[in-house]
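Chemist: Input: one structure, supplied below.
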Amino acid sequence: MPNAHNRPHVFIVQADLPRLKTDAWLLPCDAGFHVLSSWIPQEYQAGLAQRNTDTYVLPVALFDEWTSGRRRTVRHNDWPGRSMPWLTNVGGGSKYEVAWYLEAVSQFVEEASTWAKAGLKRSRPLLGVPAVGTGFGGQWDKKAGVIDALFDHLVELGRLHDVDIVFTLFDPQSFAAAQLARKRRVEVGSFGWDLDSHLLASATALAERAKAGALVMFLGSGVSVGAGLPTWRDFLGRLADQAGLSDSELEALQNLDAMDAGSIVERYLGGREALEKSTRALLDTQECSLQHALIASIPHEAAVTLNYDTLYESASKVVVGDVAVLPQERNPRAKRWLLKLHGCVERGDLVLTRKDYLRFGERRSALAGIVQALLITKHMLFIGFGMTDPNFLRILDDVRRSLGDVSNEKDLSHPIGTVLMLNHDPLRNLLFDADLKMESMASAHAPDSARQLEIFLDLIAFRSASTTAFFFDSTYDALLSAREREFRDALQNLHQEFAEDRPENIWAEFEKLMAKNIKE
């Protein structure tokens with residue numbers, strides 16, 4: 001039985017499940033192994049037979065248990081991603097009850113959990129499950145009831161099979177509905193987050209900042225580790241291995257400063273072009289980590305990163321559309337922007353060597369100014385970042401001195417940021433405790449600190465989530481009380497009644513309210 005302080009957890013994210021790194025995930029199909037094109041990455045579609053413009057037939061041989069309906073899930077080994085999909089028959093139609101869909105999910109979790117535990121890398125497997133049946137599965141007009149029942153069922157299955165499950169919703173309405181289903185379980189004490197009390201309080205405070213539009217993200221390489229990408233040190237080691245360094249040279253390289261190590265690797269590889277080519281190959285993945293998906297699901301308008309990969313952008317696109325990536329792109333219409341201080345693997349201009357770092361101050365003072373402004377005006381949440389990058393430390397010191405002009409830096413009433421660390425580091429705390437709140441995920445009850453960090457982010461996402469995004473969508477009426485439905489209908493009637501002869505001075509705000517809830 002799992003530790004009472006370390007129970008299986010059901011995460012909720014707004015994400016594209018085929019692009020999320022899991023140990024196994026449920027790929028919806030029907031009895032003929034027909035799969036909608038939206039579930040299949042474009043690079044895989046070319047080799048498949050099309051049933052029609054929207055549906056592909058996966059090359060899986062029918063077998064007796066499948067055709068009879070006794071077995072409704074089967075592992076699909078021939079897949080381009082790192083995560084393993086399980087074709088699961090949930091294409092029932094409106095004649096089926098919710099229990100029919102839940103039975104298929106039960107089969108998936110039972111079989112996939114047994115398979116995933118054999119090659120386990122996490123403390124327990126992570127299985128991905130979408131809102132089955134709510135699209136073309138036949139329950140489109142009853143999706144509220146399906147999502148509500150499915151969340152309860154996933155909690156039970158997670159505890160039964162000792163696995164973590166990420167409940168993945170693609171649109172904001174279903175994401176809000178899932179969070180509301182979870183909120184109701186929290187209120188009666190049937191769901192919680194296994195975190196120490198100080199972490200529960202910290203996550204709640206950060207969620208309040210997110211809801212107020214006062215939270216910005218700072219992503220380090222640790223966020224991408226869950227997607228299978230290397231840490232900064234491992235990244236340099238892999239580049240060095242490709243460059244053909246001997247064992248003694250590799251050992252010596254590890255003792256060098258990261259900037260100098262990058263310069264040495266560049267020389268061994270044969271120059272800048274070869275270095276950037278190797279970098280692109282090492283960071284070639286299309287699946288974001290659970291941390292990426294959780295961060296993207298938390299309300300925020302801005303983020304900063306030293307990472308070269310594009311996984312944050314991919315995860316955020318599902319939630320807010322295209323992200324404006326600075327300094328290369330300017331998109332005033334974008335709802336979220338990302339400042340990439342060390343360049344981008346797709347856009348070039350990578351900061352990898354000593355020369356690059358020295359030129360940072362010359363070429364990127366304006367970008368450093370943006371970070372300084374964010375640190376002063378917002379609360380920055382640092383995730384997966386070791387607080388060792390010299391460029392960032394210089395920026396932080398500038399902010400510290402700027403604030404010191406008007407206050408005693410040792411007596412700041414509110415830290416300018418929060419750093420999420422995997423382990424206790426008392427000495428590092430002393431370096432930053434005047435400016436930053438240091439939160440360690442380490443716990444005697446839960447040895448997997450990386451998983452604790454994911455649960456912490458999940459709590460922020462829950463506490464900051466909208467539970468009204470589906471308010472004007474009648475297919476979610478089952479989640480509304482009679483009084484709430486009456487209020488919704490009155491607003492819609494009011495909108496129609498005054499559409500022709502509108503009171504201009506307040507109509508624009510009313511339109512924003514209506515549009516926000518319809519588009520969410």
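The values are calculated or read from the model by the stated rules, or taken from the named source; none is laboratory data. These numbers were taken from a predicted model, which means no experiment stands behind them. Glycine also receives a Cβ, built like all others from the backbone with ideal geometry; neighbour counts cover every protein chain displayed.
Chemist: Give the range 84-121 a look and list any residue that's crowded, with 17+ Cβ neighbours inside 10 Å and closer than 21 Å to S289 by Cα, or say none.
Modeler: M84, P85, W86, V109, A112, S113, A116
Chemist: Let me ask you something else. Keeping to the range 464-481, report how many residues are surrounded by fewer than 20 Cβ atoms within 10 Å (Cβ to Cβ), in contact (Cβ under 8 Å) with a residue 40 or more places away in the chain and either on the phi > 0 side of the Ramachandran plot or outside any loop (DSSP other than H, G, I, E, B) (or both).
Modeler: 3
Chemist: Residues of the range 331-352 being part of a strand (DSSP E or B) and either touching a Gly at 6+ places or on another chain (Cβ under 7 Å) or of a type outside the set (D, E, K, R) (or both), which ones?
Modeler: If the condition is that a residue be part of a strand (DSSP E or B) and either touching a Gly at 6+ places or on another chain (Cβ under 7 Å) or of a type outside the set (D, E, K, R) (or both), then W337, L338, L339, C344, G348 are the ones that fit.
Chemist: Identify, from the list D141, D162, the residue that is out of contact with any Phe, Trp or Tyr (no Cβ under 7 Å at 6 or more places or on another chain), in contact (Cβ under 8 Å) with a residue 12 or more places away in the chain, surrounded by fewer than 16 Cβ atoms within 10 Å (Cβ to Cβ) and more than 20 Å from D194 (Cβ to Cβ).
Modeler: Criteria check complete, one pass: D141.
Chemist: Further question: Take the residues of the range 169-180 that are part of a helix (DSSP H, G or I) and not aromatic (F, W, Y): which is nearest to H424 (Cα to Cα)?
Modeler: Q179
Chemist: Still on this model: Of these, L127, L154, L102, which one is over 17 Å from H9 (Cα atoms), modelled with pLDDT of 90 or more, among the aliphatic types (A, V, I, L, M) and in contact with a helix residue (DSSP H, G or I) (Cβ under 8 Å, 6 or more places away or on another chain)?
Modeler: After ruling out the rest, the residue left standing is L102.
Chemist: Say we look at the range 294-330 and pick out the residues that are of a type in the set (D, E) and assigned to a loop (DSSP other than H, G, I, E, B); which of these is nearest to L457 (Cα to Cα)?
Modeler: The first filter runs over the range 294-330 and keeps only residues of a type in the set (D, E), leaving 301, 309, 313, 322, 329.
The next check asks that each one be assigned to a loop (DSSP other than H, G, I, E, B); those that pass are 301, 309, 322, 329.
On the way: E301: 17, D309: 21, D322: 22, E329: 28 Å.
Per the criteria, the residue is E301.
Chemist: Something else now. Quick one: which of S297, S263 is among the small types (G, A, S), under 18 Å from A227 (Cβ atoms), surrounded by 15 or more Cβ atoms within 10 Å (Cβ to Cβ) and not assigned by TED's automatic domain parsing to the domain that holds W25?
Modeler: It is S297.
Chemist: Check whether at least one residue in the range 59-77 is assigned to a strand (DSSP E or B) and at pLDDT below 90, and report yes or no. Working first, answer last.
Modeler: Filtering the range 59-77 for residues assigned to a strand (DSSP E or B) gives 73-75.
Then keep just the ones that are at pLDDT below 90; that gives none.
Scanning the range 59-77 turns up no residue that is assigned to a strand (DSSP E or B) and at pLDDT below 90.
Chemist: Continuing with the same structure: (1) closer than 30 Å to V265 by Cβ; (2) loosely packed, with under 15 Cβ neighbours inside 10 Å: which one isn't true of H198, the others all being true?
Modeler: All conditions pass for H198, except number (1).
Chemist: Here's a follow-up. Mind checking which residues of the range 157-168 are in a helix (DSSP H, G or I) and farther than 11 Å from F11 by Cβ?
Modeler: L157, R159, L160, H161
Chemist: Checking the structure you have, find out if any residue of the range 90-99 is at pLDDT below 95 and assigned to a helix (DSSP H, G or I).
Modeler: For the range 90-99, residues at pLDDT below 95 and assigned to a helix (DSSP H, G or I): present.
Chemist: Could you please give the count of residues in the range 151-206 that are under 16 Å from A131 (Cβ atoms) and either hydrophobic (A, V, I, L, M, F, W, C) or within 19 Å of the chain's Cα centre (by Cα) (or both)?
Modeler: Step one: list which residues in the range 151-206 are under 16 Å from A131 (Cβ atoms), which gives 151-155, 157, 165-182.
After this cut, where a residue has to be either hydrophobic (A, V, I, L, M, F, W, C) or within 19 Å of the chain's Cα centre (by Cα) (or both) as well, the list is 151, 154-155, 157, 165-182.
Counting residues in the range 151-206 that are under 16 Å from A131 (Cβ atoms) and either hydrophobic (A, V, I, L, M, F, W, C) or within 19 Å of the chain's Cα centre (by Cα) (or both) gives 22.
Chemist: Could we say that A482 is at pLDDT 80 or above and under 35 Å from the mean Cα position of the chain (by Cα) here? Full working, then the answer.
Modeler: Values: at pLDDT 80 or above: yes; under 35 Å from the mean Cα position of the chain (by Cα): yes.
It is true that A482 is at pLDDT 80 or above and under 35 Å from the mean Cα position of the chain (by Cα).
Chemist: If you take the residues in the range 420-437 that are within 22 Å of the chain's Cα centre (by Cα) and buried (at least 19 other Cβ atoms within 10 Å of the Cβ), which one is modelled with the lowest pLDDT?
Modeler: M421
Chemist: Now for a different question. Checking the structure you have, find out if any residue of the range 34-50 is buried (at least 21 other Cβ atoms within 10 Å of the Cβ) and under 27 Å from the mean Cα position of the chain (by Cα).
Modeler: Yes, there is a match, as at least one residue in the range 34-50 is buried (at least 21 other Cβ atoms within 10 Å of the Cβ) and under 27 Å from the mean Cα position of the chain (by Cα).
Chemist: Would it be correct to say that G271 is at positive phi and modelled with pLDDT of 90 or more? If you could, list the steps in order and put the result at the bottom.
Modeler: On the way: at positive phi: yes; modelled with pLDDT of 90 or more: no.
For G271, the condition - at positive phi and modelled with pLDDT of 90 or more - is not met.
Chemist: Go through the range 269-281 and give me each residue that's in contact (Cβ under 8 Å) with a residue 24 or more places away in the chain and surrounded by fewer than 17 Cβ atoms within 10 Å (Cβ to Cβ).
Modeler: In the first step, residues of the range 269-281 are kept if they are in contact (Cβ under 8 Å) with a residue 24 or more places away in the chain; the result is 269, 275-276, 278-280.
Within the range 269-281, just R280 meets the criteria.
Chemist: Further question: Give me the pairs: first residue in the range 319-337 and touching a residue at least 60 places away in the same chain (Cβ under 8 Å), second residue outside any strand (DSSP E or B), beta-carbon distance under 6 Å, and six or more apart or on different chains, which are they?
Modeler: Here the result reads V319/A296, each pair linking the range 319-337 to a residue that is outside any strand (DSSP E or B).
Chemist: Being surrounded by 14 or more Cβ atoms within 10 Å (Cβ to Cβ) and either closer than 20 Å to H342 by Cα or among the polar types (S, T, N, Q) (or both) is the filter here, so list the residues in the range 241-255 that pass it.
Modeler: Hit for the range 241-255 is Q242, nothing else.
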